Amino acid sequence: MTDGLVLRTARPQDLDQIGALLVDRGEPADAVDHRLVVEDPDAGWEACAVVVDGDRVVSTATLLDETLVLDGVGIPAGQVELVATDRAYEGRGLVRALMGWAHERSAARGQLVNVMLGIPYFYRQFGYTYAIPISATRPVTSRPEVGGHALREAGVEDIPAMARLQDAEQARADLRMPHSPALWRWLVARDGSTQWLVERDGVPVATGRTTLPEEGVRLCEVAAVDEEAAHALLASTGATEVTERPGSVAGEALAPFLGPAAMEANSYYVRIGDPVALLEHLRPVFGRRLAASGFADREGEAVVSFYRSHMRLPLRAGEVGPVVAGGRMQAPGAAGGAGVAPDMLASLLFGPHGLRGLTARFADVYPGPNAELMHTLFPPVRGDLMTFYVP
């Protein structure tokens, strides 16, 4: 890099400096989180990069391995976290360089999507768009009364039970991102949030996560087997806010005890580095959508243009053939295809509006003459993502 700065993989001797930088630019718990990641064999030091000025660490970022699951198909993904730059070195492109490192590492690990939380607008500069809604946080206005349940802080031995409860809730979503085994270990060990387990007659029936009291006790990632279990979690944690979970058992159970959410839009950032590779990976999803529709016997192709490039999805007897990439196509309707602005692809694949909803919102998205076929291939998607940090 310029000015004698060097970008490299982090090393054990960098631990204290990285921790101090993260605490200075973030929260005290960030140093603990970083240590948990780099000292875990499932991640290791290779997951973190630094920019150094001589022996001084002046910027850092970490890439976490994740898995998105869309309609039963796992998608290797990466999430950039723990990003920080020394104030004296801001404005010199260090985060841009680290994001480049993260995206190169992500591609080398076979990851097809990058998902992240981040400050408003900033990560748009690096190819990210807002695509997957973050559930609203609502104030607690009353508390249920329920007995016969016991709440306790969860530990590493409780991870299988918590994972089962979360899997059952997330199974109702079209798109989900569960916690990885490594992330579960970090969550029960970190200082920045608390994992809870509710038991009834000694059997785990609900789980959730709260932020620290000094941040206001917010209850999120609520999963429960029934209404009473969800009520017990809310009543016992003392939460003043709850991140809702629409379409879930817990979400429906807690809704009557919550006030209105703030009128603001919040979404996860999403980046797709190689659209062709991602669409190829998702062919089984498209095939199942066709098979469940009136287009099961459709022969021909579905054309989607991103204007400067386009893709053709061959359709044969309810199956989608290998994706064929093509060049510029400014008027896809003439070829029977749909037009989608390239920065809308993540919303098209993972967002709540589907092609129909995007068409109603954006002038450079339209279904073309085969609208019903395109709406079948690209329907609205309900997402349920769980991340290291509470959004």
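Structural remarks
- Test result for A182, at pLDDT 95 or above and either outside any strand (DSSP E or B) or acidic (D, E) (or both): yes
- When G118 is tested against (1) open to solvent by 50 Å² or more (accessible area, probe 1.4 Å); (2) outside any helix (DSSP H, G or I); (3) small (G, A, S), just one condition goes unmet, and that condition is (1).
- Selection of region 202-216 for residues being open to solvent by less than 30 Å² (accessible area, probe 1.4 Å) and under 12 Å from M162 (Cβ atoms) yields V205, A206, T207, G208, R209.
- Listed by position, the strands (runs of 3 or more DSSP E) enclosed by region 121-173 that each have at least 1 residues that are under 21 Å from L183 (Cα atoms) and touching an Asp or Glu at 6+ places or on another chain (Cβ under 9 Å) are 150-153.
- Residue within region 120-134 that is more than 17 Å from the chain's Cα centre (by Cα) and among the basic types (K, R) present: no
- Screening region 315-330 for residues that are modelled with pLDDT under 95 and of a type in the set (G, A, S) and picking the one that is nearest to L279 (Cα to Cα) gives G321.
- Residue check, E199 free of Cβ contacts under 8 Å to residues at least 60 places away in the same chain and either among the hydrophobic types (A, V, I, L, M, F, W, C) or exposed (fewer than 14 other Cβ atoms within 10 Å of the Cβ) (or both): no
- Candidates are the residues of region 289-299 that are touching a strand residue (DSSP E or B) at 6+ places or on another chain (Cβ under 9 Å) and more than 13 Å from M374 (Cα to Cα); the one that is surrounded by the fewest Cβ atoms within 10 Å (Cβ to Cβ) is E299.
- Every condition in (1) touching a helix residue (DSSP H, G or I) at 6+ places or on another chain (Cβ under 8 Å); (2) touching a residue at least 40 places away in the same chain (Cβ under 8 Å); (3) open to solvent by less than 40 Å² (accessible area, probe 1.4 Å) holds for L165 except the one numbered (1).
- Wholly within region 308-391, strands (runs of 3 or more DSSP E) carrying at least 3 residues that are within 19 Å of V115 (Cβ to Cβ) and open to solvent by 10 Å² or more (accessible area, probe 1.4 Å): 383-385
- Of all residues in region 229-276 being outside any strand (DSSP E or B) and acidic (D, E), the one that is least open to solvent (accessible area, probe 1.4 Å): E244
- Test: residue in region 77-87 that is part of a helix (DSSP H, G or I), at pLDDT 95 or above and under 16 Å from R271 (Cβ atoms): no
- Summed over region 7-49, the residues that are part of a helix (DSSP H, G or I), open to solvent by 50 Å² or more (accessible area, probe 1.4 Å) and either modelled with pLDDT under 95 or more than 22 Å from R96 (Cα to Cα) (or both) give a count of 5.
The values are calculated or read from the model by the stated rules, or taken from the named source; none is laboratory data. These figures come from a predicted structure and were not determined experimentally. Note that each Cβ is placed from the backbone with ideal geometry, even for glycine, and that neighbours are counted across all protein chains shown. Keep in mind that these areas ignore ligands, DNA and RNA; they rest on the heavy atoms of the full protein, side chains included. Shrake-Rupley method; radii C 1.70, N 1.55, O 1.52, S 1.80 Å.
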